Structure formats: C-alpha cells, structure tokens
Amino acid sequence: MACNSSGCESGGCYGREKENGCKVVDVKETVRLCVKCKSNEPMTFGDGGSDDGRFCAECFRSNVYGKFRLAVTSHAMITPSDNVLVAFSGGSSSRVALQFVHELQVKALKNYEASRDRSLPVFGVGVAFVDESAAYPSLSGGMSDAIELVRSTVLSLSPPEKDLHVVTIESVFGSESVEARDRLVKLLDSVSDETGKEDLLLHLKMLSLQKVASENGYNRLVVGSCTSRLASHVLTATVKGRGYSLSADIQHVDARWKVPIVLPLRDCVWQEITRLCHLDGLKTVELARHPQSGINDLVSSFVALLQEENPSRECTIVRTAAKLTPFYFNKIPETDDSCVPMATQRRLKKFNLKYDGSMTTEAFCPICNGPLNGSDSSEDESDALYAACCSSCRFQILPQEPSSLDHFGSLLPHHMISQVKHHQKFDSQTYLREKIKDCLLLDDEEAV
C-alpha cells in the first residue's frame, strides 16, 4: 500500500511518480548553511581541513580574529601607551599578524577621535624585515623585489602611518659593512652541524630584531608564530635536549629579552592562517631557500603528516606542552600606568601565568638565550664560553675541538660575549654564596 507522502521512496510510490513525469524531491538535498550564523553559505577551501565547508567567509574571519584579540587582551600584549614592532618575514603568519595589529590600531584611532577627553592614546606600530641574503646567497637575486613588496604592503596599511625598518642579519655585529658580512660567513662556516647552523641563524635573527626594537624605542615585539610552528618546536626542542627551557618558548609572552616578545597568533593553526590570506587576498613574500636537511625540517614534515591524519594533532601537542611550569618572565610585568584601562589590568591579573618560584633563573645561554639549570653546568671550566652554554648548543653549535673555541668566540656578536661575562659573574656569586651559606641568617632567624 502506497503512502500519501510525495517524497516517499517505499513501495511503488517512487517508481510510479517517476513514470508519470512528476518531479521527485530528494529529502537529502538540503541547503547547507554556516553552522555559526545559520544564514550564509559556507566557504569551501578544498584543503582537506576538518572544518572545511562549515563556516561562511565572515564567520571564519571572525573566529580567527577572535583568537588573536583574546590573546592580546587576556595577556595585555598591547596597551594604549605601547610602541609595537611587528616582525614581518613576508610569510602567511607574519602577514596576518601585521594585518590584525593594523586593524586593532585603526579601531583604537577611531575610539580616540570619538572620545571627548582623548585620555587613551593610540599605540604606535612599526614593521621590521630582516634581510638574510648574507647567510643564504641564493636569496640575493629576489631580495630587492621582496623588499619592494614588503614596502608596498606596509604603505597600504595606512593610516595610521607605520615605519618600516629593513635591516641585514649581519647588522647584529654592529654595522652592515663588508667586514660584518664576512664575519657572519666565517661564523656559520665554523658550525659543522646543519641543524646547529639553522638554529644559530634563528638566534642571530632574533638579536637583529631586538637591536632594531631597542634602538627605535619599541617596547613590544610581535612575532607571528602559530600553533603549527610551536608544535614543531616542541618536538625539535625535545629531540635536542632542551626540555628544561621548552616551557619558556611556547607561552604567549616571553619577557626574558630586553624588548618582550608576544605571540598573538599562538592559538591559530597554519591552515587557518593560509585560508585567511586567500580569503582576504593578502600578499605574501615567497623567498626561494635551499632545501634543509637538519632536524628542524625533518620534524616539520613529520608534524605535517600527523596533521593530515588527525587535524587536531598540532593543537594537542601544544596544549600538552603548555602544562609545563612556565618561568617568571613568561608574563608582561604589572604596571601602574594610568594609560592602561582598568579592564585590561583586571584581565592581566586574571590570565597571568602562575609559577611556584621553582622556575626562577638568572643565567641564560649566551647563544640561544635559553634558561640554564643545574645539569647544564660543565665540569670543564677551562673555557668560559663552553661553560656558559647549554648542553644543546655545546653539542650542535660549538666546535668540538677545544682549540677552535677561542676563534669561534671571537666571531660571536658583542651581545653573546657580554652574556658569557655575565655568566662568569653569576657563577662566582653562586660559588661565594655556597661557601658562606652556613654563616647566613635565614628569614625567620634573629642575630644573637
């Protein structure tokens, strides 16, 4: 017996309607809508992501920007009185970070112009691009075009106007002369390990950004490291034996540097960022690099493979590593600045990481600037540089021949040499404190 439903496929209804030429309606054919706004058609990127085809363009962008804004406000990364320097490498992550910081600045400018008392100033924004052609000669051909594209990108993000600082990586040695370039090449040639050479370049690049920031009056350095980049760093740091300093590298804030580093895109995955660049038409700078054969590239390929199998792997890796105890410098120092809104101060107190005092340190590796623990102390104190470095830098960056250490040390930038001297001073103070500890009074003791 046939039913009265026009869409029924049971019995002879479906075939009878089809023979009579009636239109058959498939109940499975439903209009797909955005799962958030329930009104617009979702975007399909075709990249195999787990949320592909779930959100419309407006809701997708709102989700990514919401993660950025929550990180900025929760950790007080940017306040009205700040002067922010955005590290722009030309890649997708740094491009999105620059775009979001610009939008935040535009909104602050509109609020400033609309307010009567104009008590809250608008934070300043600068952009820094590091020219690495001295380390990678293959980049020399396209570097001028890349710099021109970076310059046009920064000019398009105005008003407000932003200063662009283009520096060479050899400027960390104090100048951009031919001698500084030759010194960089000799320093890299003295590192035999491929992974150690890559890591040393990353440390020199960070020193170059710190130099630009401190010389031009910036008090924040925005870096576009995302969840995917941090997930790879978690595994590489574990492989290299940097587990002690790992928690310092993956937090939202890293204030061990003279100019604190903030990671506003820490909770965004690379797939979301590339989608946003495609959606908004954000231009990126693609520089051809020679293929890497070290641990860093191997782990990045491994994490990418894991992400294809399970789209939540990268987030799981970072969330698991985030359970490590943070250091005392993984937060923005509290301030009584009247320009900081009260709501921001409350968020800062609420979201600031808590530490139990056991992760305090005064000694840092002069090369990677990683915090040192007791196991990093060397029994061989004959060479100050070797004794001051962490175990990972000793194995991958420092020359294995003791006779070559003096020559290697003479090629290092002044900042790294000063860190070695600071470590010597710290060791002497620690040694003296250990010798006289029996004569010192405790906090709850009184002198007789």
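The values are calculated or read from the model by the stated rules, or taken from the named source; none is laboratory data. Values in this document were obtained by computation on a predicted structure and should not be read as measured data. Cβ: placed from backbone, ideal geometry, glycine included. Neighbour counts: every protein chain shown. Each accessible area value is taken on the protein alone, full model and side chains, heavy atoms only, with ligands, DNA and RNA left out. Shrake-Rupley method; radii C 1.70, N 1.55, O 1.52, S 1.80 Å.
Annotations
- Residue-level accessible surface for H415, protein heavy atoms, 1.4 Å, Å²: 80
- When nucleic acids and ligands are ignored and a 1.4 Å probe is applied, M43 ends up with an accessible area of around 60 Å².
- Lys/Arg +1, Asp/Glu -1 at C-beta; segment 72-207 dipole; positive extreme among G126, L201, S92: G126
- The simple Förster model, with R0 at 35 Å and r as the Cβ-Cβ distance, assigns Q400 and L149 a FRET efficiency of 0.25.
- For segment 164-319, pairs of C-alpha atoms spaced more than 19 angstrom apart make up 64 percent of the total.
- Distance from the C-alpha centroid of segment 216-275 to that of segment 109-184: 20 Å, rounded to the whole angstrom.
- E198 contributes an accessible area of around 20 Å² to the protein surface, as traced by a 1.4 Å probe with all chains present.
- Cubic angstrom per residue, convex hull over Cα atoms of segment 297-336: 113
- Where segment 147-214 is the region considered: accessible area per residue in Å², 1.4 Å probe: 45
- Stretchable slack from E286 to A114, in nm (0.36 nm times residue separation minus alpha-carbon distance): 57.9 nm
- Listed cross-link partners K38/K162; K197/K283; K67/K323; K67/K283; K38/K331; K205/K331 are compared with a 28 Å cut-off, the Cα-Cα value being larger for K38/K162; K197/K283; K38/K331.
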